[in-house]
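Everything below concerns the one structure shown next.
We did not get these values from a lab; they are worked out from the coordinates using the rules stated. These numbers were taken from a predicted model, which means no experiment stands behind them. Because the Cβ atoms are built from the backbone with ideal geometry, glycine has one as well, and the counts that use them run over all protein chains shown.
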Amino acid sequence: MEGPDSPANSVTQERPADTNGASPSTQSAPAPAPAGGKKEMKRSTRVALSIIGVLALLAALGFGGAYFLYSRNFVTTDNAQIDGDKIQVNAPTTGTLVNWRVTQGTQVKKDEVLGRIESSGSGAQPQRVIKSPGNGTVAINNGIEGSFVNGGTQLATAYDFSKIFATARIDETDVGDVRVGALVDIDVDAFPDAKVLGVVQEIQGAAADQFSLFPESNSTGNFQKVTQVIPVKIALLNTDGAAVSPGMNITVHIHKQQ
């Protein structure tokens, strides 16, 4: 019978043998890694980076200063387009469109017969003539020969291209810097290289929008104040040979009064 102190019941823990034959207690600790894994930046590199930083700062300051000086001299907006007095050709009555002579680009003269409306009904079918209300060139043609139209339907839109102008919508906070007779530099999206010039002809007295309400769920009746825009009519002095036409998007730079 084996006693409690028998070697068979004792638990012995073996220490791993050192590959170099040294006792674990006498094995030397690994040498610490050298501090700072990165190489020290060269002085010339630091100087070059400092110079680049200074140049970038000067460029930013120069751009900001140029923009400030530019904004002091101009009122600028891209909420603008080429416009003109529309000549609307409408159906005088309900019926079938016949003898329609209009296409896009057709030049029309005041009181010129452009087509007829054949009224529906039994027996004789009377016809009403469609006349041009003014002189111009058709820019939009909605009329289709033989189609049925209601009275008042817009059949065509024409413009007098010798009298086209620009309409710019200026924020109400900036309109105080706009005066009639001020020169205007105009950038036309369709003709980026054209140097188009204009002059402020009219500053309309009414804003283009109204104050907008908060959602109906707001029972306090408060108003949300929205910046309004004032339409400004600009006469074109020189289009630089660009074939500008109504509807084209533009950016205007109105010279402030000095």
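What is the set of long-range amide H partners of THR153 at a cut-off below 5 Å, with H atoms built 1.01 Å from backbone N?
Those qualifying (amide H under 5 Å, at least 5 residues apart or on another chain) are ALA91.
Step through the residues of the range 232-245 one at a time and calculate ³J(HN,Hα) from phi using the Karplus curve (6.51 cos²θ - 1.76 cosθ + 1.60, θ = phi - 60°), rounding each to whole Hz and writing x for Gly and Pro.
10, 8, 10, 7, 8, 8, 7, 9, 6, x, 6, 7, 6, 9
I need the phi-derived Karplus couplings for the range 86-99: 6.51 cos²θ - 1.76 cosθ + 1.60, θ = phi - 60°, integer Hz, Gly and Pro marked x.
6, 10, 8, 9, 10, 5, x, 7, 8, x, 9, 7, 10, 6
Each label point is 7 Å from the Cα along the Cα-to-Cβ direction; what then is the distance between the points at ARG46 and SER119, in nm?
Taking the simple label geometry, ARG46 and SER119 are separated by 9.7 nm.
Using R₀ = 51 Å, calculate the FRET efficiency as 1/(1 + (r/R₀)^6) where r is the Cβ-Cβ separation of ASP185 and LYS131; round to 0.05.
With a Förster radius of 51 Å, E is 0.80.
Multiply the residue separation of PHE148 and LEU197 by 0.36 nm, subtract the distance between their alpha-carbon atoms, and state the gained length in nm to one decimal.
Numbers: separation 49, 0.36 × 49 = 17.64 nm, distance 4.44 nm.
The span from PHE148 to LEU197 would gain 13.2 nm if fully extended.
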